[in-house]
1. Being touching a residue at least 12 places away in the same chain (Cβ under 8 Å) and at positive phi, is that true of even one residue in segment B:194-212?
2. List the residue pairs whose Cβ atoms are under 7 Å apart, where the first residue sits in segment A:11-25 and is more than 7 Å from every other protein chain (Cβ to nearest Cβ), the second is assigned to a loop (DSSP other than H, G, I, E, B) and surrounded by fewer than 17 Cβ atoms within 10 Å (Cβ to Cβ), and the two are 6 or more positions apart or on different chains.
3. Within segment B:36-45, is there a residue that is within 12 Å of chain A (Cβ to nearest Cβ), under 30 Å from A:Gly36 (Cβ atoms) and of a type in the set (Ser, Thr, Tyr)?
4. Determine which single condition B:Ala345 fails, assuming it passes every other condition in (1) surrounded by 18 or more Cβ atoms within 10 Å (Cβ to Cβ); (2) at pLDDT 95 or above.
5. Would you check if there is a residue in segment B:276-295 being modelled with pLDDT under 95, among the charged types (D, E, K, R), in contact with a Lys or Arg (Cβ under 9 Å, 6 or more places away or on another chain) and assigned to a loop (DSSP other than H, G, I, E, B)?
6. Output the residues belonging to segment B:16-46 that are of a type outside the set (S, T, N, Q), crowded, with 20+ Cβ neighbours inside 10 Å and not in a loop (DSSP other than H, G, I, E, B).
7. Please go through segment B:372-390 and pick out each residue that is among the aliphatic types (A, V, I, L, M) and modelled with pLDDT under 95.
8. B:Tyr379 fails exactly one of the following numbered conditions: (1) within 13 Å of chain A (Cβ to nearest Cβ); (2) closer than 30 Å to B:Ala191 by Cβ; (3) touching a His at 6+ places or on another chain (Cβ under 9 Å). What is the number of that condition?
Amino acid sequence: MSASDDRGDRFRSSFRGVVERGSPVTLRVDGVELRGYAGETVAAAMMAAGIRSFRRSVRDHVRGVYCGMGVCYECLVDVDGQRNVRACMTYVADGMTVERPGMGRSTAAERPDGERP
Amino acid sequence: MKAKKYGVVVVGGGPAGMSAALEASRAGATTAIVEERHSLGGQGYKQVPAGFQVKRPDRLDRQIRAGRALIEEVHDCAVDVYLDTVAWGLDGTHVGLEAHGDAPAELRADQVIVATGAYDRPVVFPGWTLPGVLTAGGAHSLLRTQGVVPGERIVMVGTGPLLLAFSAQLHSQGAPVVHVIDSSPFPGPGAMTRLALSARRDASLLVEGAGYLAYLLSRRVPRLYSHAIVRVDGTDAVQSVTVAKLGGDGAIQPGTEKTIEADTVCVGYGLAPSSELTRVVGCRQIWDRSSESFVPYRDDGMRTSRPGVLVAGDCTRIGGAEVALAEGRLAGLTAAHDAGLLDDAKYRARSESEIHELRQHLRFRDVLDSLYPIGDWAYDLAKDATVVCRCEDVTMADLAAARPPWVVDPSDVKATTRAGMGFCQGRNCGAHIRRLIAGPGLEYPSFTPRPPVKPSMISSIAEEFRDLDDKPIL
């Protein structure tokens, strides 16, 4: 995960000049600083930074954004201490802290039961 | 808990909900819209998010512009709009809300119009839970409203007009779409003729579709027809997607698998109606063959079987934005008429033309549905280790262990395996489990929706739990 702007911009479209993003904000995802823009969802800001893994499921599988419209609850993260927040339905704010549940732990490959879908 | 009274409460602020609220309000009903998202527009009329600035309104595309115009009308009308608000339950015509701050927790209406739309129809295949597998609708929202490209090698799989539209739109906005895989055959001359003949009211949609096709052709985006998804492979991220040819019998032909490298797979096999609230409140349901699900019965005026409960838009059957607008207007007019705000003659004059328009739209829809069916193959992709219930990580093997005689219906499956018990409440696994139990072709219900139909803070439902604000409940 990188906070570098050029990586974020690689995943951001230009809107061909029709739409302009809001003012820049800084959020922290698992302690790492990330650039976002007012009006972006937490999910969009994370994906723009190249983050695909949002949390681990009950059997420890990595999950990310799936429906992107508030139906599937796969993108649940902790936002400013509030648990189980849908990243796709929550808007970024300057100074926001985001934690990805379970992502600090060891990877599936290191686990004995490393079951894959 | 605070409650507020209205003549008409509309649940859902997409094209159907907005047009319903406008008609009801213009006829003189005190009207409110409840919308889960941060802005009106819904999925049909996705909007530029608040906080972003539109620099060139003239260059916005048709859907955004149509949505903006409708939203402006709603703001000009005396309609109360509750944004960021989940309607978690319906009791008669009383709507339970996940309240914020001082906002009401309950709206007591004389009539409720349910216009809750639809979501991408889930298809369960090995690897569908990997990060990088997105619904086509989700990927579309991400790029169109947020300006974020979902990946660097995107394969679109699915079928129907939305697959075509989303593929072309994503590609034209800079998303690296490397393949489009359609499970239906390319429409031949016969199908084209049927489409054209039924498109009396929808000629513009046909022209739009032809435009998308021409775009993909001109950019030489590789397309495969009569090919279905088989699986997605990768460890903690998508590495490739495997597809295979569908034979004339609608089954996957062994030995025809093709594997395509990708980091992102967008899945769009049509839509599933969001009819939960109508089931919670006990509206009679009828089988909808095209989405293979039960949807609320409604009469010509969009009334359900429950007094004071009306419906409009994709939550009744998938029809798209034009149908949603017409059904919304009709539901709004009917609500006004039934409240005594519109006399019989005026109602008949207005509603008859809407009903006529709707019939023409739906004739076109029927032809579309017949051209882009989802075959039985879609239920045969999951292997033993494939997670079916994403929320609770229940696999096919777990489901196979839950056998008759103890397990006979979806509720038993839920109780014994926890499938369908998680946050999404069976929206993603319900159709698959329904089909496992029922077999092909049988009209059979999925899980019974329970209130709250979406996870809500218990403090918003019961005052005595206000100090438990960080505890979501199911």
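1. no
2. Hits for this filter: A:Val25/A:Ala93; A:Val25/A:Asp94.
3. Scanning segment B:36-45 turns up at least one residue that is within 12 Å of chain A (Cβ to nearest Cβ), under 30 Å from A:Gly36 (Cβ atoms) and of a type in the set (Ser, Thr, Tyr).
4. (1)
5. Among the residues of segment B:276-295, at least one is modelled with pLDDT under 95, among the charged types (D, E, K, R), in contact with a Lys or Arg (Cβ under 9 Å, 6 or more places away or on another chain) and assigned to a loop (DSSP other than H, G, I, E, B), which makes the answer yes.
6. Scanning segment B:16-46 gives B:Ala16, B:Gly17, B:Met18, B:Ala20, B:Ala21, B:Leu22, B:Glu23, B:Ala24, B:Ala32, B:Ile33, B:Val34.
7. B:Ile374 - this is the single residue of segment B:372-390 that is among the aliphatic types (A, V, I, L, M) and modelled with pLDDT under 95.
8. Tallying (1) within 13 Å of chain A (Cβ to nearest Cβ); (2) closer than 30 Å to B:Ala191 by Cβ; (3) touching a His at 6+ places or on another chain (Cβ under 9 Å), B:Tyr379 fails exactly one: (1).
The values are calculated or read from the model by the stated rules, or taken from the named source; none is laboratory data. In this text the structure is predicted, and so the values were computed from the model without any measurement. Cβ atoms come from the backbone with ideal geometry, glycine included; neighbour counts cover every protein chain shown.
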